[in-house]
Amino acid sequence: MRKLFGTDGIRGRANSAPMTADMALRLGQAAGRYFRRDGGSSVHRVVIGKDTRLSGYMFETALTAGLTSTGMNVLLLGPVPTPAVGLLTPSMRADLGIMISASHNPAADNGIKFFGPDGFKLSDAAEAEIEALIASGVDAAPACEIGRAQRIDDGRFRYVERVKSTFPQGMRLDGMKVVVDCANGAAYRAAPEVLWELGAEVIAVGVAPNGYNINEGCGSTNPRVAAETVVAHGADVGLCLDGDADRIVMIDETGTVADGDQLMAMMAARWAGEGRLAGGTLVATVMSNLGLERFLSERGLALHRTRVGDRYVVEAMRQGGWNLGGEQSGHIVMTDHATTGDGLMAGLQVLAEMVRTGQPASRLAQQFAPVPQILRNVRYASGQAPLEVATVRDAIAAGEARLNGRGRLLIRLSGTEPLIRVMAEAEDEALMAEVVAEVVEAVEAAV
């Protein structure tokens, strides 16, 4: 059983358990030993990227110390998007990739994500083995086998070129005005560069990181400033990334936000029409709107649902041989091009469709009418288990009974924050609101 790892690596408040420098050191030792099982002197490499959080320096240093103590050579990329680590790990023939980021979380949080030598995130089983090594302890390598650390100065440029290669050959963005919100995060330089090099007039926001302002009032979870900027500048479209740039939401020319479900619908329809949608199937999570499922069904396409977390989407895609998937939150995975969600690559798919069809963003952003949906979050303290409380279980059962045949109720623990997510979907909005309110009230009373 995994205790440290959640749905997307290890995450928490920096300098508090489990996100301490000591834990990062031990994690580096355990991961180094796990990926250096031969015990010999052959060359082993690990690629490390990070976002713009101040605590990234601390974790980068601690991980490097742990990894080199087991004989791993460390290649430091500096601030790069999470998908860059997934792409560069196999490209640089590394045994392991590590991204230091808490994604869309506030600056005070941080996290550590692992990628295997194939560039894909580690399985639950691999993470469990690394946890076991942390618990049992790891022997250091002999002094003659201690690893080296080296800065890689062109990691961002390698990623930029890879991203541009996913845009249709010969197509340009000349005459298009694009607002890009980089959330003061990992793509604050890469995203504007890509768009400008493809010919767009770029209006960049969220590109002044100071170690503390990542995701603060900006990015995919806070798109208000970007929406206002789109309207104020008369831009054609806005692209909002999160702190590590693995997710995106789109803003049309009116300032209206489109989530990942709408973008996946657009992409699935286009790819299916071109014969590129493998198996005629889109992979999404249980959180995706029922309207997306209906949209696909009407076109003879299938929706395969997974548990929440882009890693589980990718696992299903690889097992089923499918090449497009993602989450309502904006993680969009295109395994023909990348090993994990890539907000910038997905954004280029939107821009290519605008150029190809000549349609405005507002038309492309409304592929289907979503079924009304409510999502409420309830925070709980460490050590609490509100979903095990009898009154909470009763409230959930009562809500499911009321929605039976008319909608659905989904209750889950967040894998990245101490939150209980209460989501309901139904055509009867009044009934849906009542059910969610009753469940939330029961959970709040239990915490």
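Of R276, R270, R299, which residue is closer than 27 Å to D428 by Cα and among the basic types (K, R)?
Every option except R299 fails the conditions.
For the range 327-337, enumerate the residues that are surrounded by fewer than 24 Cβ atoms within 10 Å (Cβ to Cβ) and either closer than 23 Å to L96 by Cβ or in contact with a strand residue (DSSP E or B) (Cβ under 8 Å, 6 or more places away or on another chain) (or both). First the steps, then the outcome.
Step one: of the range 327-337, the residues surrounded by fewer than 24 Cβ atoms within 10 Å (Cβ to Cβ) are 329, 334-337.
Passing the criteria: S329, M334, T335, H337.
Which condition does D124 not pass, out of (1) at pLDDT 95 or above; (2) surrounded by fewer than 24 Cβ atoms within 10 Å (Cβ to Cβ); (3) of a type outside the set (A, V, I, L, M, F, W, C), if it passes all the others?
With respect to (1) at pLDDT 95 or above; (2) surrounded by fewer than 24 Cβ atoms within 10 Å (Cβ to Cβ); (3) of a type outside the set (A, V, I, L, M, F, W, C), D124 is out only on (1).
Quick check on the range 162-205: of everything there that is of a type in the set (D, E) and not in a helix (DSSP H, G or I), which residue is surrounded by the fewest Cβ atoms within 10 Å (Cβ to Cβ)? Break it down into steps so the answer makes sense when it comes.
Of all residues in the range 162-205, those of a type in the set (D, E) come to 174, 181, 193, 197, 201.
Cutting the leftovers down to not in a helix (DSSP H, G or I) gives us 174, 181, 201.
Working: D174: 10, D181: 33, E201: 16.
The extreme case among them is D174.
Go through G255, G280 for me and flag whichever is farther than 26 Å from A102 by Cβ, without any contact (Cβ under 8 Å) to a residue 24 or more places away in the chain and not acidic (D, E).
Checking each option against the conditions leaves just G280.
Is at least one residue of the range 107-118 of a type in the set (D, E, K, R) and in contact with a Leu (Cβ under 7 Å, 6 or more places away or on another chain)? Step through it out loud before you land on a result.
Of the range 107-118, the ones of a type in the set (D, E, K, R) are 109, 113, 118.
From what is left, the residues that are in contact with a Leu (Cβ under 7 Å, 6 or more places away or on another chain) are none.
Within the range 107-118, not a single residue is of a type in the set (D, E, K, R) and in contact with a Leu (Cβ under 7 Å, 6 or more places away or on another chain).
Criterion first (out of contact with any Ser or Thr (no Cβ under 8 Å at 6 or more places or on another chain), on the phi < 0 side of the Ramachandran plot and open to solvent by 10 Å² or more (accessible area, probe 1.4 Å)) does Q359 satisfy it?
yes
Against the conditions (1) open to solvent by 40 Å² or more (accessible area, probe 1.4 Å); (2) in a helix (DSSP H, G or I), where does M354 fall short? Just the number, please.
(1)
Among the numbered criteria (1) under 17 Å from V249 (Cβ atoms); (2) in contact with a helix residue (DSSP H, G or I) (Cβ under 8 Å, 6 or more places away or on another chain), which one does I374 miss?
(1)
Hey, does the range 303-323 have a residue that's more than 25 Å from Q169 (Cβ to Cβ), in contact with a helix residue (DSSP H, G or I) (Cβ under 6 Å, 6 or more places away or on another chain), surrounded by fewer than 17 Cβ atoms within 10 Å (Cβ to Cβ) and among the aliphatic types (A, V, I, L, M)?
No.
Just checking, which of I411, I420 is closer than 21 Å to L4 by Cα, of a type in the set (A, V, I, L, M, F, W, C) and touching a helix residue (DSSP H, G or I) at 6+ places or on another chain (Cβ under 8 Å)? Before the answer, list the steps.
On the way: I411 fails: closer than 21 Å to L4 by Cα.
From the options I411, I420, the qualifying one is I420.
Say we look at the range 403-442 and pick out the residues that are assigned to a strand (DSSP E or B) and charged (D, E, K, R); which of these is nearest to S103 (Cα to Cα)? Spell out how you get there, then give the answer.
Our first condition is that a residue be assigned to a strand (DSSP E or B); within the range 403-442, this holds for 407-413, 419-426.
From the residues that got through so far, the ones that are charged (D, E, K, R) too are 408, 412, 421, 425.
Numbers: R408: 28, R412: 20, R421: 18, E425: 27 Å.
Among those that are assigned to a strand (DSSP E or B) and charged (D, E, K, R), it is R421.
Quickly run through the range 235-294 and pick out the residues that are surrounded by fewer than 19 Cβ atoms within 10 Å (Cβ to Cβ), part of a loop (DSSP other than H, G, I, E, B) and aliphatic (A, V, I, L, M).
Result: V286, single match.
Kindly establish whether G66 is at pLDDT below 95 and crowded, with 21+ Cβ neighbours inside 10 Å.
no
The values are calculated or read from the model by the stated rules, or taken from the named source; none is laboratory data. Only a predicted model underlies this, so the values are computations on that prediction, with no experimental measurement involved. We place every Cβ from the backbone using ideal geometry, glycine too, and count neighbours over all the protein chains shown. Heavy atoms of the whole protein, side chains included, go into the accessibility calculation; ligands, DNA and RNA do not. Shrake-Rupley method; radii C 1.70, N 1.55, O 1.52, S 1.80 Å.
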